[in-house]
Amino acid sequence: MTVTAKMTIDKEYKIGQIDERIYGSFIEHLGRAVYEGIYEPDHPSADEQGFRTDVIELVKQLRVPLVRYPGGNFVSGYNWEDGVGPVGDRPRRLELAWRTTETNQIGTNEFVAWAKKINAEVNMAVNLGTRGIDAARNLVEYCNHPSGSYWSDLRISHGYKDSHKIKTWCLGNEMDGHWQIGHKTADEYGRLAVETAKAMKWIDPTIELVACGSSNRHMATFAEWEATVLEHTYEHVDYISLHTYYGNRDNDLGNYLAQSMDMDHFIYSVISTADYIKAKKRSKKTINLSFDEWNVWFHSNEADKKIEPWSIAPPQLEDIYTFEDSLLVGSMLISMLKRADRLKIACLAQLVNVIAPIMTEKGGEAWKQTIFYPYMHASVFGRGNALHTIVASPKYDSKDFTDIPYLDTVSVHDEENETLTIFAVNRHQTDVLSLDADVRSFEGYKVIEHIVLENKDVKATNQYNRSNVTPHNNGNAQVDNGLLNAHLPKLSWNVIRLAK
Ligand code: AHR
């Protein structure tokens with residue numbers, strides 16, 4: 001069976017220029033993300049600093065422009081001073097967020113060095129759980145001040161002559177959550193965040209700051225939290241954060257694939273809330289969004305309950321992703337690109353081993369999960385202007401959502417390189433979707449590639465057979481007289497690339 005959807009793509013209908021930081025990711029001191037993930041000095045591929053070059057190679061394929069660090073919940077109990085200076089002198093600490101032992105073999109300087117190897121910027125988070133203004137301003141001085149002060153000279157004495165020039169900073173993490181070390185009310189957090197922001201920017205006025213929004217849209221304090229925090233911080237911060245994780249807990253695929261609509265609603269609500277405070281303050285400034293944690297996370301929940309407390313780098317949050325998860329990740333990317341006008345930063349949480357597109361075996365290989373592919377396609381091909389795409393698609397209803405379009409799509413126009421990329425998910429579980437797109441404004445453009453990610457088993461993973469879920473280039477998209485037609489297989493992620 002076939003269903004039909006229509007759309008119109010016009011190069012003049014711009015949503016906005018995509019900020020490349022929308023393809024950011026996240027490394028937390030959690031599980032095997034750092035130790036045995038990016039860093040394993042005994043691994044055959046390790047470089048002179050102990051970083052796995054096989055992992056670096058895979059991360060480079062993703063073209064990750066920005067990596068958030070060092071947490072996450074971890075940051076709310078972290079003393080950054082523990083992670084700098086001679087490695088042999090660094091303390092082992094009980095890490096309360098994940099109940100493990102942190103050895104501090106990797107800290108700020110090593111992580112900045114790793115980020116350079118993958119050509120990414122660091123998005124540094126400061127501890128506003130157990131600490132505050134002083135630790136945060138000292139870290140900015142340590143990282144960004146050139147020289148001639150206590151903390152900058154200490155960095156130089158640690159072997160890092162050039163300052164790290166870290167531009168983007170997070171003011172704490174999920175401070176609305178009761179699980180957070182040093183959890184606060186919105187007023188408590190807002191006051192601390194604004195005073196910390198002022199001190200950090202006094203040290204380096206070029207930095208950009210992200211205030212903590214809600215941990216997800218279903219928090220009881222959602223929206224009121226954002227409004228209160230922005231009441232306090234509006235003129236001193238640049239972004240408000242969003243976090244969300246989804247899961248197919250009821251094994252209801254139609255409902256699961258619609259969860260990106262929850263993300264749409266979340267983004268829309270945070271924009272509205274930020275703009276409400278803008279109106280209230282009669283401000284000229286616009287606060288943008290940083291979706292600095294997003295992904296599927298549920299497969300590992302039960303296994304994580306069995307982890308021995310205070311272990312070192314245990315296998316925590318090691319979700320093994322299925323084919324259906326890759327479809328939702330594709331739709332979540334589409335949701336974010338649709339708001340490229342206001343969503344400037346996003347971090348897939350996380351990057352290696354911990355709810356991650358890349359997994360490693362200790363002493364062994366590094367491999368790609370199913371979700372690696374939509375993330376890579378968006379990051380590599382989704383550069384340029386996101387376009388408003390007018391879509392007429394048949395729809396369905398599910399347990400939690402109504403009017404779910406079978407066709408989920410967004411288009412990106414790279415004016416410089418004269419390419420148009422259509423990202424599209426066919427959510428239909430049984431039918432091929434025949435897509436007719438009016439692309440007349442792209443005169444002379446031809447299809448150069450139609451990549452498809454599909455699988456007959458929605459629960460297929462790459463855990464044992466690494467090429468079980470991999471994309472192919474045999475899609476049938478073609479353009480004739482300004483009309484594009486493509487058949488999108490049932491349950492598929494598609495990347496249709498046109499060029500002049
Ligand atoms: O990414 C895993 C965890 O999820 C982060 O540490 C925390 O911020 C969120 O709850």
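With a bin width of 5 angstrom, please list the P(r) values of the range 222-306 as percents of all Cα-Cα pairs, from the 0 bin to the one holding the largest distance.
3, 12, 21, 18, 13, 11, 9, 7, 4, 1, 0
Tell me the net charge near ASP153. Cut-off is 12 Å between Cβ atoms, ASP153 excluded, with +1 for each Lys or Arg and -1 for each Asp or Glu.
Charge balance in the 12 Å sphere: +1.
I'd like the orientation of helix 260-281 relative to the chain: the angle between its Cα long axis and the longest Cα principal axis, in ° from 0 to 90, rounded to 10.
In the chain, helix 260-281 runs at an angle near 60 degrees to the longest axis.
I'd like the distance between the alpha-carbon centres of the range 1-37 and the range 444-458, rounded to an integer number of Å.
Their Cα centres are 17 Å away from one another.
Write down the percent of antiparallel bridges among all DSSP beta bridges whose residues are both part of the range 42-141, to the nearest 5.
50 percent
Please give every one of the lysines within straight-line cross-link reach of LYS161, meaning a C-alpha to C-alpha distance under 16 Å, and leave out same-chain neighbours fewer than 8 residues apart.
Within the straight-line limit of under 16 Å, LYS161 reaches these lysines: LYS116.
What's the FRET efficiency of ASP480 with ASN417 using the Cβ-Cβ distance as r and R₀ = 30 Å, to the nearest 0.05?
0.85
What whole-number value in cubic angstrom gives the convex hull volume per residue for the C-alpha atoms of the chain?
Convex hull of Cα atoms, per residue: 145 Å³.
Per residue, how many Å² of accessible area does the range 19-381 show with a 1.4 Å probe?
Ligands and nucleic acids excluded, the result is 35 Å² per residue.
When the Debye formula is applied to the Cα atoms of the range 287-392, each taken as the same point scatterer, what base-10 log of I(q)/I(0) results at q = 0.11, 0.18, 0.19 Å⁻¹?
With no solvent term, the Cα-only Debye profile gives -0.42, -0.94, -1.02.
Along Cα→Cβ, 7 Å out, is where each label goes; now give me the distance between the ones at GLU188 and ASN465 in nm to one decimal.
With each label point 7 Å from Cα toward Cβ, the separation is 5.3 nm.
What order do you get for 273-280, 224-231, 63-70 when each peptide is scored by the mean count of other beta carbon atoms within 10 Å, highest first?
Ranked from most to least packed, the peptides come out as 63-70, 224-231, 273-280.
By how many degrees, between 0 and 90 and to the nearest 10, does the Cα long axis of helix 224-233 differ from the longest principal axis of the chain?
50 degrees
Say R0 is 35 Å: what FRET efficiency, to the nearest 0.05, do LYS446 and THR53 get from their beta-carbon distance?
Step by step, r from the Cβ atoms, then E = 0.40.
What does the extension gain come out to for GLN61 and SER149, with contour length at 0.36 nm per residue minus their alpha carbon separation?
Additional length available on full extension: 27.8 nm.
Where does helix 372-381 land angle-wise versus the long Cα axis of the chain, in degrees 0 to 90, nearest 10?
80 degrees
What residues of the range 276-304 lie in the reach of a label at GLU235, counting those whose backbone N is under 18 Å from a point 7 Å from the Cα along Cα→Cβ?
276-288
Grab the beta carbon distance between ALA227 and ASN251, set R0 = 35 Å, and tell me the FRET efficiency rounded to 0.05.
Efficiency, rounded to the nearest 0.05: 0.45.
How much of the accessible area of the chain, in percent, comes from carbon and sulfur atoms when a 1.4 Å probe is used?
49 percent
Work out, step by step, the length gained on full extension between MET1 and ASP89: first 0.36 nm times the residue separation, then minus their alpha carbon distance; give nm to one decimal.
Full extension of this stretch gives 25.0 nm more.
Which order do MET124, MET261 take by accessible area at a 1.4 Å probe, largest first?
MET261, MET124
If you take every DSSP beta bridge whose two residues both sit in the chain, what share of them, in percent to the nearest 5, is antiparallel?
Of those bridges, close to 55 percent are antiparallel.
Taking amide H positions as placed 1.01 Å from N in the peptide plane, with prolines and chain starts having none, which residues 5 or more places from VAL432, or on another chain, fall under 5 Å of its amide H?
VAL3, LYS490
The values are calculated or read from the model by the stated rules, or taken from the named source; none is laboratory data. Being a predicted model, the structure only gives us computed values, none of them experimental. When we count neighbours, we look across all protein chains shown, and the Cβ atoms used for this are built from the backbone with ideal geometry, even at glycine. Side chains are part of the model used for accessible areas, which takes the heavy atoms of the whole protein and leaves out ligands, DNA and RNA. Shrake-Rupley method; radii C 1.70, N 1.55, O 1.52, S 1.80 Å.
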